[in-house]
1. Taking H placed 1.01 Å from N in the peptide plane, check which residues at least 5 places from W92 or on another chain put their amide H under 5 Å from its amide H.
2. Would you calculate the separation in nanometres between label points at D241 and S131, each defined as 7 Å from the Cα along the Cα-to-beta-carbon direction?
3. Hey, could you get me the Stokes-Einstein D for the chain, Kirkwood radius over alpha-carbon pairs, 10 °C and 1.306 mPa s, rounded to whole µm² s⁻¹?
4. Across the Cα atoms of the range 17-143, what radius of gyration and what greatest pairwise Cα-Cα distance (Dmax) are found, in Å?
5. What is the spin-label model distance, in nm, from D175 to Q153 if the labels are put 7 Å beyond Cα along the C-beta direction?
6. Using amide H atoms built in the peptide plane, which far-off residues or other-chain residues are under 5 Å from I113 H to H?
7. Apply the Karplus parameterisation 6.51 cos²θ - 1.76 cosθ + 1.60, with θ equal to phi minus 60°, to every residue of the range 39-56 and state each ³J(HN,Hα) to the nearest whole Hz, in sequence, with x for glycine and proline.
8. If you build the convex hull over the alpha carbons only and average its shadow over all orientations, what do you get for the range 97-200? Give it in nm² to one decimal.
Amino acid sequence: DKIIGSISSRTPEIISVDEMGDYIRSFSHPLFETVTALMAKTTIRRGVIHNLDLKDVYLNHPACDWDVHRELRHKDRPFIYIPSTPEEGKLWEDRQRVPKSSNKTSVDRTIPIDDELRDLLLRWLTVHPGSLESNTPLFVSLFRNWGDRIHAQTVQHKIREHSEELGYWYEAYDDDNINPHYFRHWSTSVIDERLEATGAGGQATTTKLIRGDEEDTMDNYTHWSDDRVKRYLDVCPKFYD
């Protein structure tokens, strides 16, 4: 895509929640179970996986006592913060480092974390090889470059390898391949459809809040009210029931 761009919209086959649960659990590894569950519940891209620090995650747990980003400072339940600013190969002044991948979102956003994802993150942090401080990368490699911030290409490689093993990889550029970007399509479709089915209204706005779509669509005044958080958590797909 960086070289030739996309010539058509993607229309992937959306597998069932049960199938996605089987896919995620079959990693049988706390790192990639957590990474894929996070993408499947929140629409985030693989660049976000690379850029997240512990300061970007509030888990409301006594063992997680690092200082969080100011956007999470007053949250009363688990949330994740995703900034818009990181650009691949360009100094990120706020963090004083040069990211190897971009977040690719036009707005800063926060997304609620459901209980299942919180537990997955806590399980991952029990084996995280680094010190648990604000500037510690959330996800680090346990393979090549052990202990270093996980690279987006590692996420790409491991998910492709897993998809090939499970029969979810067809041919190059096939929309039905389960690759990192597939999760963005999958979670957008599942969450928006479930929100619509509740009949409570407002599903488009909530989905845009999760995805971090263009700022003008949110009008700068739409935020996570208690009711909107509850609606999202009620429909957030579960993989370990």
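We did not get these values from a lab; they are worked out from the coordinates using the rules stated. For clarity, every value in this text was computed on a predicted model and none was experimentally measured. Every residue, glycine as well, gets a Cβ built from its backbone with ideal geometry; the counts of neighbours run over all protein chains shown.
1. Amide H neighbours of W92, under 5 Å, 5+ apart: R97, V98.
2. According to this spin-label approximation, the distance is 4.3 nm.
3. Estimated diffusion coefficient is 86 µm²/s.
4. 14.2, 42
5. With each label placed 7 Å out from Cα toward Cβ, I get 2.9 nm.
6. F79, I80
7. For the range 39-56, the Karplus curve yields 5, 6, 9, 10, 6, 5, 8, 5, x, 5, 4, 5, 8, 5, 10, 4, 4, 8 Hz.
8. Values: hull surface 38.2 nm².
The number I arrive at for the range 97-200 is 9.6 nm².
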